Amino acid sequence: MRVTLISIPVLDQEKALQFYTEKLGFIKKKDAPLDGGNRWITLVSKEAQDGPELLLEPAPLHFEPSKVFQDALMEAGIPWTQFDVDNVDSEYKRLTDLGVEFSVKPAEMGTVRFAVFNDTCGNNIQIVQTL
Amino acid sequence: MTYYEEELRRIKAAVFGNQGQIDTVIGVRNYIDRNYENELSLELLSRARFVSKFHLIRLFKRYYGITPRQYLIDRRIAKSKKHLESGMSVTETCFAVGFKSLGSFSMLFKAKTGKSPFEFQKEQLSRSMVIHES
């Protein structure tokens, strides 16, 4: 078995696709139509295009418990997903300049520097730099 | 303040209260980052930091979740992939990233990536040829 895919729940796939590619800088790898207007959309990092894929999963739209869970995480400020970056402070600057909102500004904890932003699709996302 | 921020504050105090230890392990990691292509000496490092080698290993594992040796191997394998992709020979790559024997390099590479360095390089090079042709 191999780890190749992680899912992120999003309310609006098209909006998520735009945010994750245009602002975060991921690259669209797969985009196939499914039933009921849903799509199978996966993204990869620019630096690791043969690495794990991120699936934009429309569960909150169709499966109520997923929506409830997502809303509760958002309300509590909890990031369920995190991405590695080389430099948290420069990403913070780049993303705030693009209008992205942060709920936790760059801070240190133990051997990491991290920050948390709102992906506008219902999720808190944490970015982390290992010190 | 959100629930998450309260939790961060609590965990920081409970788990990451000893800044001296944190500075030490960050120092060890930086030392590995700077020197992984060459001879590496944890003894030297522990003497410089006035702690025993075994204590250093324990601390590193506590804060990073892996031992310094595991981290060093991961660093070397990651760099060796870059060298192999750029066309450097397997033998050259092995010594360029600080391994002392081709046998242990090949074995570790295969264990970590599922392919031998030769197989990996063949795949990468044929892939880039396909891209150039298309």
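The values are calculated or read from the model by the stated rules, or taken from the named source; none is laboratory data. In this text the structure is predicted, and so the values were computed from the model without any measurement. So basically every Cβ, Gly included, is an ideal-geometry build from the backbone, and we count neighbours across all protein chains shown.
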*Output for segment A:85-106, where each listed residue is in a strand (DSSP E or B) and surrounded by 14 or more Cβ atoms within 10 Å (Cβ to Cβ)*: A:PHE102, A:SER103, A:VAL104, A:PRO106
*Quick one: how many residues across segment A:119-129 are in a strand (DSSP E or B), more than 8 Å from chain B (Cβ to nearest Cβ) and in contact with a helix residue (DSSP H, G or I) (Cβ under 8 Å, 6 or more places away or on another chain)?*
3
*Quick one: is B:THR24 in contact (Cβ under 8 Å) with a residue 24 or more places away in the chain, closer than 26 Å to A:VAL128 by Cβ and either within 11 Å of chain A (Cβ to nearest Cβ) or among the aliphatic types (A, V, I, L, M) (or both)?*
yes
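Just a yes or no: is a residue in segment B:9-16 in a helix (DSSP H, G or I) and under 28 Å from B:SER106 (Cα atoms)? Steps first, answer last, please.
Of the residues in segment B:9-16, the ones in a helix (DSSP H, G or I) are B:9-15.
In the following step, the residues that additionally are under 28 Å from B:SER106 (Cα atoms) were identified as none.
No, there is no match, as no residue in segment B:9-16 is in a helix (DSSP H, G or I) and under 28 Å from B:SER106 (Cα atoms).
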*Those residues of segment B:23-42 which are out of contact with any helix residue (DSSP H, G or I) (no Cβ under 6 Å at 6 or more places or on another chain) and at pLDDT below 85, in sequence order*: B:ASN38, B:GLU39, B:LEU40, B:SER41
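Would you confirm whether or not segment B:79-93 contains a residue that is charged (D, E, K, R) and either closer than 30 Å to B:ASN18 by Cα or not in a helix (DSSP H, G or I) (or both)? First the steps, then the outcome.
Going through segment B:79-93, the residues charged (D, E, K, R) turn out to be B:79, B:81-82, B:85, B:92.
Subsequent filtering for residues that are either closer than 30 Å to B:ASN18 by Cα or not in a helix (DSSP H, G or I) (or both) retains none.
Looking for residues that are charged (D, E, K, R) and either closer than 30 Å to B:ASN18 by Cα or not in a helix (DSSP H, G or I) (or both), one finds none in segment B:79-93, hence no.
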*Of residues in segment A:72-82 being in contact with a helix residue (DSSP H, G or I) (Cβ under 9 Å, 6 or more places away or on another chain) and in a strand (DSSP E or B), the one nearest to A:LEU56 (Cα to Cα)*: A:TRP80
*Which one of the conditions (1) more than 10 Å from every other protein chain (Cβ to nearest Cβ); (2) within 19 Å of A:VAL128 (Cβ to Cβ); (3) assigned to a helix (DSSP H, G or I); (4) not aromatic (Phe, Trp, Tyr) does B:ILE66 fail to meet, given that it meets all the rest?*
(3)
_within 13 Å of chain A (Cβ to nearest Cβ) and not in a helix (DSSP H, G or I): is that true of B:GLY98 in this structure?_
no
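Condition check ((1) surrounded by fewer than 17 Cβ atoms within 10 Å (Cβ to Cβ); (2) within 14 Å of another protein chain (Cβ to nearest Cβ)) across all residues:
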| site | (1), (2) |
| --- | --- |
| A:PHE83 | yes, no |
| A:GLU108 | yes, yes |
| A:THR111 | no, yes |
| A:ALA115 | no, yes |
